[in-house]
Amino acid sequence: MDDSEAQFFVTVGDLCAAAHLAGLSVCLTVLGGQEIVGVPAPPFETDADHELDTTGSADAVWVAEVEVRLSDVVEASVRRPEQT
């Protein structure tokens, strides 16, 4: 994995962690085009066996009760909360 690709996956993990803290929804598009939308669960603690390459990040996040491998994510966005 090159540095740009590794940085993308770390950034997606960071985005999900920040969205979790704020209660914001994210939309993750994975290989094949499926979109997973929801508030991410707290980030995983990682160890070498579950690390994404050598990034120091876990290779998974939970969104809408679905485990999503960061290595399968092709696009990520955060959704603005609805106005009340």
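Of the numbered criteria (1) more than 25 Å from P81 (Cα to Cα); (2) open to solvent by less than 50 Å² (accessible area, probe 1.4 Å); (3) modelled with pLDDT of 90 or more, the one L28 fails is (1). Which pairs turn up if I take residues in region 64-84 that are without any contact (Cβ under 8 Å) to a residue 40 or more places away in the chain and look for partners that are open to solvent by 60 Å² or more (accessible area, probe 1.4 Å) with beta carbon separation below 7 Å, at least 6 apart in sequence or on another chain? Sorted first by the residue in region 64-84, then by its partner, the pairs are A64/V37.
The values are calculated or read from the model by the stated rules, or taken from the named source; none is laboratory data. Computed from a prediction, not measured in an experiment: that's the story for all the values here. Backbone-built Cβ (ideal geometry, glycine too); neighbour counts: all protein chains shown. Just the protein is used for accessible areas: all its heavy atoms, side chains included, with ligands, DNA and RNA removed. Shrake-Rupley method; radii C 1.70, N 1.55, O 1.52, S 1.80 Å.
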